[in-house]
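Remarks on the structure that follows.
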Amino acid sequence: MASTERKMKALVLTSPGTFEIRTVPVPKPEVGEVLCAIKAVAICGSDPEIIRGDLAGVWPPSYPFTPGHEWSGEIVELGPEVSGFAVGDRVSGEAHKGCGFCRNCLDGRYNLCENYGNLEAGHRHYGFTCRGAYAQYNVYSQKSIKKMPPEVSFREGALVDTAGVTLHCMELTGITAGGTVVIIGPGPIGLIAMRFAKALGAARVIVVGRKSRLDAARRLGADLVVDFEKEDPVQAVRATTGGLGVDEAFECSGAEGTFAQAVRMVRKGGRVGLMGVPTDKVVEKIPYKYIVHNEIAIFGSRANPNVSWKILKAISTGQVKVKDLITHVFPLEDFGEALDTFVNRKGGAIKVVIEPNGPETEVGEGRA
């Protein structure tokens with residue numbers, strides 16, 4: 001039976017703030033695409049915004065719509081002209097697929113494709129402008145998937161996207177070998193950034209946050225934590241370096257005021273990387289003169305281009321651990337409860353994973 005005649009379960013947004021689990025047709029892969037059984041998909045911080053309809057008309061462009069972009073799965077069907085992949089391959093996906101011919105795509109910066117949102121030009125932003133992974137099956141360009149080593153579980157594979165955001169920013173910004181890094185915002189991205197900074201050579205990592213997430217940072221490997229509800233974070237961070245400041249600061253929350261704090265935390269000649277995504281209402285007042293006189297370098301960062309294979313290698317060899325960040329797992333049918341758990345951080349939730357096709361059962365679920 002052709003895949004277009006088969007049915008599957010999928011999360012469907014029917015209007016802003018309203019969703020349901022529906023039975024819908026299984027999509028058919030087109031030229032250069034593969035059909036994947038979605039084995040695990042993690043809830044991202046951008047998903048609640050999309051589900052609420054905060055950016056309706058852009059993310060998603062219309063209703064009904066299926067979101068979800070942090071996923072892993074197994075190839076079950078090949079479209080025409082697919083090369084290098086086979087049915088049965090275990091893969092992890094990326095959200096971005098560029099047009100392939102604009103200036104940025106040709107430079108390898110497909111996350112900044114000049115044809116963003118233009119489906120006819122070949123651009124895809126899975127789970128944002130086109131159908132995503134909260135479903136039993138979905139089609140993806142072969143350019144947007146990477147084979148997973150056998151040591152990486154599907155659940156871990158669903159975190160490759162999140163981990164890639166941290167690595168891309170750190171490759172842009174740089175990490176000083178033997179230096180000190182500060183992470184502002186110990187959410188999932190911040191916690192992985194904490195670990196990647198160490199893997200890339202930082203000698204010490206300071207984490208700024210509060211409450212359960214700060215407790216998690218302390219438990220999961222931070223060298224020093226700063227509770228911004230109890231002390232001034234800039235003064236506290238600079239005090240740990242004898243007043244000189246840290247080598248790199250990474251803003252991972254998108255909260256108002258934290259960009260300026262990051263700038264004030266770095267040493268002369270220091271670097272600031274921006275991973276957190278603020279709302280449009282956040283307009284920062286930054287110390288302009290301080291930046292100029294101290295040659296502070298600032299790097300914006302979007303998504304995770306060209307790093308997925310590095311993430312998979314780091315996870316498979318144990319260089320970077322992500323498995324212990326997965327605190328809750330739900331079936332697709334319980335998406336509402338999963339979303340509530342993630343948004344309200346119930347039970348110390350960090351990463352919440354959905355398994356649309358049931359629990360992972362293969363021998364060995366990744367590194368402990």
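The values are calculated or read from the model by the stated rules, or taken from the named source; none is laboratory data. Computed from a prediction, not measured in an experiment: that's the story for all the values here. Cβ: placed from backbone, ideal geometry, glycine included. Neighbour counts: every protein chain shown.
The table below lists the values:
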read-out: Among residues of region 64-102, those that are crowded, with 21+ Cβ neighbours inside 10 Å and over 28 Å from His168 (Cα atoms), counted; value: 1
read-out: Members of region 322-345 found to be in contact with an Asp or Glu (Cβ under 6 Å, 6 or more places away or on another chain) and assigned to a helix (DSSP H, G or I), listed by number; value: Lys323
read-out: Members of region 350-360 found to be aliphatic (A, V, I, L, M) and either assigned to a strand (DSSP E or B) or surrounded by fewer than 19 Cβ atoms within 10 Å (Cβ to Cβ) (or both), listed by number; value: Val352, Val353, Ile354
read-out: Pro149 part of a helix (DSSP H, G or I), in the same structural domain as Asn344 (by TED's automatic domain parsing), surrounded by fewer than 21 Cβ atoms within 10 Å (Cβ to Cβ) and in contact with a helix residue (DSSP H, G or I) (Cβ under 7 Å, 6 or more places away or on another chain); value: no
read-out: Conditions (1) farther than 22 Å from Thr23 by Cα; (2) at pLDDT 95 or above; number of the one not met by Pro64; value: (1)
read-out: Filter result for the condition that a residue is under 29 Å from Thr18 (Cβ atoms), in the same structural domain as Pro16 (by TED's automatic domain parsing) and either modelled with pLDDT of 95 or more or out of contact with any Ser or Thr (no Cβ under 7 Å at 6 or more places or on another chain) (or both), over Gly122, Gly73, Gly84, Gly100; value: Gly73
read-out: Pair list, Cβ < 8 Å and 6+ apart or interchain, from region 71-84 residues that are over 28 Å from Gly358 (Cα atoms) to residues that are part of a loop (DSSP other than H, G, I, E, B) and of a type outside the set (Ser, Thr, Tyr); value: Pro80/Glu30; Pro80/Val31; Pro80/Gly32; Glu81/Val31; Glu81/Gly32
read-out: Flag for Ala193 being more than 16 Å from the chain's Cα centre (by Cα), over 30 Å from Val87 (Cα atoms) and among the small types (Gly, Ala, Ser); value: no
read-out: Selected residue (only one of Glu333, Glu360 is assigned by TED's automatic domain parsing to the domain that holds Ile21, farther than 19 Å from Ala193 by Cα and in contact (Cβ under 8 Å) with a residue 60 or more places away in the chain); value: Glu333
read-out: Pick from region 259-278, criterion within 27 Å of Asp54 (Cα to Cα) and either among the aliphatic types (A, V, I, L, M) or without any contact (Cβ under 8 Å) to a residue 40 or more places away in the chain (or both), ranking: surrounded by the most Cβ atoms within 10 Å (Cβ to Cβ); value: Met275
read-out: Search result, residues across region 24-65 that are hydroxyl-bearing (Ser, Thr, Tyr) and touching a residue at least 40 places away in the same chain (Cβ under 8 Å); value: Ser46, Tyr63
read-out: Qualifying residue in region 299-316 (condition: in a strand (DSSP E or B) and either under 19 Å from the mean Cα position of the chain (by Cα) or surrounded by 16 or more Cβ atoms within 10 Å (Cβ to Cβ) (or both)); value: yes
read-out: Residues that are crowded, with 17+ Cβ neighbours inside 10 Å and among the aromatic types (Phe, Trp, Tyr), drawn from region 53-63; value: Trp59
read-out: The listed residue being closer than 27 Å to Pro48 by Cα and either touching a helix residue (DSSP H, G or I) at 6+ places or on another chain (Cβ under 9 Å) or crowded, with 23+ Cβ neighbours inside 10 Å (or both), out of Glu248, Glu229, Glu256; value: Glu229
read-out: Residues satisfying the stated conditions in region 313-368, i.e. of a type in the set (Lys, Arg), modelled with pLDDT of 95 or more and within 21 Å of Leu167 (Cα to Cα); value: Lys313, Lys321, Lys323, Lys351
read-out: Hits in region 224-259 - residues which are under 29 Å from the mean Cα position of the chain (by Cα) and of a type in the set (S, T, N, Q); value: Ser253, Thr258
